[in-house]
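Below: one structure, written as structure tokens.
The values are calculated or read from the model by the stated rules, or taken from the named source; none is laboratory data. Just so we're clear, the structure is a prediction, and the values are computed from it rather than from any experiment. Backbone-built Cβ (ideal geometry, glycine too); neighbour counts: all protein chains shown.
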Amino acid sequence: MKKTDPQTSLPVSEIFSSLQGEGPFIGHPSVFLRLGGCVEPYCPWCDTRYALEEMDDVPVLEVLERILSYPCRRVVVTGGEPFLSWENGLSELHRQLTERKYEIQYETSGKIRIPLPTDAVVVCSPKFIEGAWRFMKANVGAVHYFKFLACGSDWPEVIEGFVTEHGIDREKVYIMPLGATRQEQLDGMEAVFSFCVEKGYRMSPRLHILTYDRRRGI
Ligand code: SF4
């Protein structure tokens, strides 16, 4: 892996310790590193829009120190779109964390190339915006799990279309209700539940929203 200067800065939106709220590692204690910036077109339903606007440039070594200050040895790198920073500091942070035997999970939309860090888990949440999937087909093989939000009135057909087109194993697919509030989550759960039973997908709630509603940094 290419080394970058550890003094390179990452666009940090927030760092906090919590439980993974959704997807294959739901409930796992994790340190979250949210990097700022995303790839257009932005999602109209984006629930982390602050990550597109509020960020500080923090040197990689300082980010590392802040992660190491938590007892948890599992890191979720999310965004925004974290892989925008891969060549500009994130690959160096990845190297430093893997040297220390940390487990790393990346959360990406797959709108840009995934750089295949084979010693990390990549969870991709493809976005269907203005009638089209904003996903690079070449990324399929780099993704360990897919997460889909049940978004828009035709989400069952839209998600089925993506899974079929890309030949994705249903065991790799998690479907979650759309919604940034507890009530929206509850309102969307029944439809997702019955769809997953019918089609053989996995369902994921969004535990952080169900527990804390709109609270940020959790
Ligand atoms: S990809 Fe994620 S961070 Fe970017 S606009 Fe969509 S929901 Fe927001």
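Output the number of residues of region 70-98 satisfying the condition of being part of a loop (DSSP other than H, G, I, E, B) and either buried (at least 23 other Cβ atoms within 10 Å of the Cβ) or within 16 Å of the ligand (Cβ to nearest atom) (or both).
Matching residues across region 70-98 total 4.
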When residues of region 32-61 are filtered for being within 11 Å of the ligand (Cβ to nearest atom), assigned to a loop (DSSP other than H, G, I, E, B) and not small (G, A, S), how many remain? 12
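Anything in region 99-132 that is part of a loop (DSSP other than H, G, I, E, B) and among the aromatic types (F, W, Y)? List them, or say none.
Y102 - this is the single residue of region 99-132 that is part of a loop (DSSP other than H, G, I, E, B) and among the aromatic types (F, W, Y).
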In region 31-65, how many residues are surrounded by 15 or more Cβ atoms within 10 Å (Cβ to Cβ) and of a type in the set (K, R)? 1
Which condition number in (1) within 22 Å of H208 (Cα to Cα); (2) among the hydroxyl-bearing types (S, T, Y); (3) more than 17 Å from the chain's Cα centre (by Cα) is the one that S30 fails? (3)
Would you please name the residue that is nearest to the ligand (Cβ to nearest atom), looking only at residues in region 4-31 that are in a loop (DSSP other than H, G, I, E, B) and farther than 21 Å from M176 by Cβ? T8
(1) within 14 Å of F16 (Cβ to Cβ); (2) more than 9 Å from the ligand (Cβ to nearest atom); (3) outside any strand (DSSP E or B) all hold for L64 apart from (1)
Please give the number of the condition D154 fails out of (1) surrounded by 20 or more Cβ atoms within 10 Å (Cβ to Cβ); (2) away from the ligand (no atom under 15 Å from the Cβ); (3) at pLDDT below 95. (1)
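Can you find, within region 125-143, the residue that is nearest to G23 (Cα to Cα) among those that are buried (at least 20 other Cβ atoms within 10 Å of the Cβ) and under 15 Å from the mean Cα position of the chain (by Cα)? Please lay out each step first, then the result.
Of region 125-143, the ones buried (at least 20 other Cβ atoms within 10 Å of the Cβ) are 125-128, 135, 139, 143.
Within this subset, residues satisfying the condition of being under 15 Å from the mean Cα position of the chain (by Cα) are 125-127, 135, 139, 143.
Details: S125: 10, P126: 14, K127: 16, F135: 19, N139: 19, V143: 13 Å.
Going through the qualifying residues, I end up with S125.
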Just to be sure before I move on: is V143 within 16 Å of the ligand (Cβ to nearest atom), touching a Phe, Trp or Tyr at 6+ places or on another chain (Cβ under 7 Å), in contact (Cβ under 8 Å) with a residue 12 or more places away in the chain and under 17 Å from F25 (Cβ atoms) in the structure I sent? no
Per the filter on region 182-213, residues assigned to a loop (DSSP other than H, G, I, E, B) and within 18 Å of the chain's Cα centre (by Cα) are S204, P205, R206
Residues of region 122-140 being closer than 15 Å to F83 by Cβ and touching a residue at least 40 places away in the same chain (Cβ under 8 Å), in sequence order, are V123, K127, R134
Return the pair list, or none, for Cβ contacts closer than 9 Å from residues in region 78-92 that are within 15 Å of S9 (Cβ to Cβ) and of a type in the set (A, V, I, L, M, F, W, C) to residues that are part of a helix (DSSP H, G or I) and away from the ligand (no atom under 16 Å from the Cβ), at least 6 apart or on different chains. W86/H94; L90/V60
Search region 189-218 for residues that are at negative phi and exposed (fewer than 14 other Cβ atoms within 10 Å of the Cβ) and pair each with any residue that is part of a loop (DSSP other than H, G, I, E, B) and at pLDDT below 95 when their beta-carbon atoms are under 7 Å apart and the residues are at least 6 apart or on different chains. R214/A180; R214/T181
